[in-house]
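The values are calculated or read from the model by the stated rules, or taken from the named source; none is laboratory data. The structure displayed is predicted, hence computed values, not measured ones. When we count neighbours, we look across all protein chains shown, and the Cβ atoms used for this are built from the backbone with ideal geometry, even at glycine. With ligands, DNA and RNA removed, areas are computed over all heavy atoms of the protein, side chains included. Shrake-Rupley method; radii C 1.70, N 1.55, O 1.52, S 1.80 Å.
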Amino acid sequence: MKLSWNEITNRAIKFSRDWADARGEKSQAQLFLNEFFHVFGVDLKRVALFEKKVPMGQNRDGYIDCLWDGVILVEMKSLGKSLKRAYEQAKDYAFNLSDAELPEYIMVCDFENIRLYRLTTEQVWTFKVSNLKNHVKKFALLAGYKSLRETYQPEIEVNEKAVQKMAKLHDALKESGYDGHALEVYLIRLLYCMFADDSNIFERGAFYQYIKTSKEDGSDLSRRLAELFEVLDMNDEKRLKNRLLPEKMKSDFPYINGKLFAEPLPFAYFDGAMRNLIIECCEMDWSKISPAIFGAMFQEVTDQKKRRELGAHYTSEENILKVIKPLFLDDLREEFELIKHDKKKLSDFHDKLAKLQFLDPACGCGNFLIVTYRELRLLELDILKMLIDDGDQISLDAINTYCRVNVNQFYGIEIEDFPCQIAQVSMWLTDHQMNNRVAEHFGLNYARLPLKASATIIHANALRIDWNEVIPKDKLNYIMGNPPFVGYHLRNQGQKEDMDLVFGDNFKKHGVLDYVAAWYKKASDYMKKSKIEAAFVSTN
């Protein structure tokens, strides 16, 4: 019988407390693992083997600390030993296992730190034994939940539900005659307002109440929204001069900036049914959306054909991690583990992190940029936890100084206009979510407003512009993304011309290559005489 997550969490708290002062010696490994698996209701002796013998070649054998066939391989090390080496050793063991024995997970641990690898997706999580309670759902398979999807499905459903509601609003506005670029920008603004309403950017619920106090027939809603957008683009100096601006508008709706509300838009007129659609959207908890998932789905609200397969064409987080982990994230994490107890080296490492620059030259709605930014901010938070003593009183001004990784380290090129806008806003949403993570840890309410930094998302054909105009190559560190594949026999005339331009006359046989090859050629030309590293998703 599965344990409830509440029971598992309570057991995890007790386990962390019991092992808080452990000496971290290898001789304690079996006791540690028995008690660890007990957290998830597992009697380890009934399902797994300790010291499992594995032939490693003709003349030697290896011994796995613990193996549960098909589920998890665990390699324990004494405190202070390299977890990276432990993982390499565990991978060697796994390579020599039969298909039936091959585990879903590899876990390495030094009694103080746990690093969990999911082999099928190449995801990796690193956390303290003392913080196990916050990571128990990563071990869903151990607890008897058939897959991680059982654990994460609610997040997907929240995003799908949110997009479906926005799609209804899109269709209603379009049917009323409001269309094109103006409609796309309008939807982006409403999205931001709903997110801001639930995540402490606005006074909580202020936008919802603002809509609710409009006339039931929707006749004044267009004017009210236009006024709100103008206030959100009004800086503090203008607010002070505007004596007749209601104080509640000033206090409930801060200056946003970031050019999000700067562009003049035609009025979008509403009726009662459309007003009710906005109210229904507002009644969702937008703070729980995942910008990476939602943004990709949101891209499809303007396309009825794509909407039938909502979110089917975006790059999954699993595939994004398969690219960015070996490209740079694994190395950054490993460097952090090696120097985290040396504050001088850690401070230098923080400097390095804040200077890294990333480009996705086929960014779509920004999935790669969003996930990369989130992972860097999580790493930065781990740095701050080591640099700032728990007892220190931290002010908001100090936190703003400490949080140095920012969205302006990210660049994208995208051929379609609407995804460009989604990518820009999704990066701000991710930024605020990560600011909330920092605020929770230090007991503050932290928001980076007004928006001073932004990702640079260029609306252009990446194969026809000079990437140096987006970011000079001597400033860039990494190129990543998922360029459009398009088999050579499926390319349209414009795509053929793109390839002719990229490959030129000296590469006569490029006509038999797939469209994605143009990004490899363009990237390799751009990378010459630089230290840039690159990785793309591609099929074979």
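Some notes on this structure:
- Listed by chain and number, the lysines placed with their C-alpha closer than 17 angstrom to that of Lys528 are Lys473, Lys475; residues fewer than eight positions away on the same chain are left out.
- Within the accessible area of the chain, the carbon and sulfur atoms contribute 48%, probe 1.4 Å, all protein chains present.
- Between His341 and Lys133, the simple spin-label model (points 7 angstrom out along Cα→Cβ) gives 2.6 nm.
- Estimated FRET transfer efficiency (Glu237, Thr401; beta-carbon r; R0 30 Å; 0.05): 0.80
- Summed over the residues of the chain and divided among them, the accessible surface reaches 48 Å² per residue at a probe radius of 1.4 Å.
- Structural size metrics of the range 204-249, computed from C-alpha coordinates, are Rg and Dmax of 11.8, 35 Å.
- Reach of Lys26 by Cα under 18 Å, taken over lysines that are not fewer than 8 positions away in the same chain: Lys52, Lys53, Lys77, Lys81, Lys84, Lys128
- Kirkwood-type radius of the range 320-381, with distances r between different C-alpha atoms, in Å: 12.5 Å
- DSSP beta bridges in the chain [antiparallel fraction, %, rounded to 5]: 50 percent
- MRE, 222 nm, helices only [DSSP H, n ≥ 4, -39500 (n - 2.57), over the chain, to nearest 500]: -14500 deg cm²/dmol
- Using a cutoff of 8 angstrom between alpha carbon atoms and counting only pairs six or more residues apart, the relative contact order for the chain works out to 11 percent.
- Inter-label distance, nm, simple model (7 Å from Cα along the C-beta direction), Lys14/Phe50: 2.1 nm
- The range 1-83 shape via C-alpha gyration tensor axes, a/c threshold 1.5: oblate
- For Lys168, a cut-off of 13 angstrom between C-alpha atoms picks up these aspartates and glutamates, skipping any fewer than 8 places away in its own chain: Glu160, Glu280, Glu300, Asp303.
- Each Lys and Arg Cβ is given +1 and each Asp and Glu Cβ -1; about its Cα centre, the chain then shows a dipole of about 700 debye.
- Total formal charge among the other residues, if their Cβ is under 11 angstrom from that of Leu79, Lys/Arg +1 and Asp/Glu -1: +1
- The share of alpha-carbon pairs in the chain lying farther apart than 42 Å comes to 29%.
- Distance histogram in 5 Å bins (all Cα pairs of the range 139-264, percent per bin): 2, 9, 15, 18, 18, 12, 8, 6, 5, 4, 2, 1, 0
- Mean Cβ count within 10 Å, highest first, over the residues of peptides 316-327, 337-348, 427-438: 427-438, 316-327, 337-348
- Overall, the range 254-301 carries a charge dipole of about 160 debye about its Cα centre when +1 sits on the Cβ of Lys and Arg and -1 on the Cβ of Asp and Glu, all other atoms neutral.
- Sorting the segments 406-415, 69-78, 15-24, 505-514 by their mean number of nearby beta carbons within 10 angstrom, highest to lowest, gives 406-415, 69-78, 15-24, 505-514.
- Here is the P(r) of the range 425-540: all C-alpha pair distances, binned every 10 Å from 0, give 11, 32, 27, 17, 9, 3, 0 in whole percents.
- Once the C-beta distance of Asn6 and Arg85 is scaled by a Förster radius of 56 Å, the resulting FRET efficiency is 0.95 to the nearest 0.05.
- In this rough spin-label picture, where each label sits 7 Å from Cα along the Cβ direction, the Asp285-Lys531 distance is 4.5 nm.
- This model, with +1 at the C-beta of Lys and Arg and -1 at the C-beta of Asp and Glu, gives the range 25-112 a dipole about its Cα centre of some 220 debye.
- Difference of contour (0.36 nm per residue) and Cα-Cα distance, Arg223 to Leu356: 43.5 nm
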